[in-house]
1. Got a sec to turn the phi values of region 74-83 into Karplus ³J(HN,Hα) couplings, 6.51 cos²θ - 1.76 cosθ + 1.60 with θ = phi - 60°, whole Hz, x for Gly and Pro?
2. What are the semi-axes of the equivalent ellipsoid for region 79-154, taken as the square roots of 5 times the Cα gyration tensor eigenvalues, largest first, in whole Å?
3. If we sort 113-119, 125-131 on the protection proxy, mean other Cβ atoms within 10 Å, highest first, what's the order?
4. Add -39500 (n - 2.57) for each DSSP H run of 4 or more in the chain, then divide by its residues: what number comes out at 222 nm, to the nearest 500 deg cm²/dmol?
5. What ranking do 48, 71, 15 get, fewest neighbouring Cβ atoms within 10 angstrom at the top?
6. Once amide H atoms are built 1.01 Å from N in the peptide plane, which residues 5 or more positions from residue 66, or in another chain, come under 5 Å H to H?
7. Over 24 Å between C-alpha atoms is what I'm after, so list which of 81/137; 97/123; 56/123 land there.
8. What is the distance in Å between the Cα centroid of region 86-109 and that of region 13-42?
Amino acid sequence: MITLKRTNSSNKDFVGLVEQLDAYLKITDGDEHDFYNQYNAIENLKQVVIAYIDDKPVGCGAFKDFENNSVEIKRMFTSEKHRGKGIASLILNELEKWASELNYDSCILETGIRQIEAVEFYKKNSYNIIPNYGQYKGVKNSLCFIKNLENEKG
């Protein structure tokens, strides 16, 4: 059974999952890893969701305040042996629900074009491609997305 926990970036399970994520991204980002990595600090993330199977952390995601009543989805990751089980969608849906509860209107995010599975995942979860924002403007290997949350409010 999969359980979700809302927490923050000081959670040791989150820190451990992010270490796995960073090791994975170091390989896929190649020479650009240092550029992307500078925007992935976790110290100030106050909204973190961790997925557990049998009390073992298997996935995570977070968001932080962005601008225009939007949050930026950060540090989405599912451990390799647990992929394809819908865990990432559960985490993302919980992050969207939490953002909606805090009266945010939309979620934005950036992923690399080399993360083909991630690009397909966000499209499947109703995220739409937008022009690259902020530090990703002009970065040809970045792809940015948005999802409006009006429909998420219950």
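Values quoted throughout were computed directly from the atomic coordinates according to the rules given, and no laboratory measurement underlies them. On a predicted model such as this, the values are computed, not experimentally measured, just so you know. Every residue, glycine as well, gets a Cβ built from its backbone with ideal geometry; the counts of neighbours run over all protein chains shown.
1. 9, 6, 6, 7, 10, 4, 4, 6, 10, 6
2. For region 79-154, the semi-axes come out at 21, 19, 9 Å.
3. On the way: 113-119: 14.9, 125-131: 12.9.
Output ranking for 113-119, 125-131: 113-119, 125-131.
4. Dividing the helical sum by the residues of the chain leaves -9500 deg cm²/dmol.
5. Going from least to most buried by this count: 15, 71, 48.
6. Residues meeting the criterion, in which the H sits 1.01 Å from N, are 71, 72.
7. Result: 81/137; 56/123 exceed 24 Å.
8. Using only Cα atoms to place each centre, the spacing works out to 21 Å.
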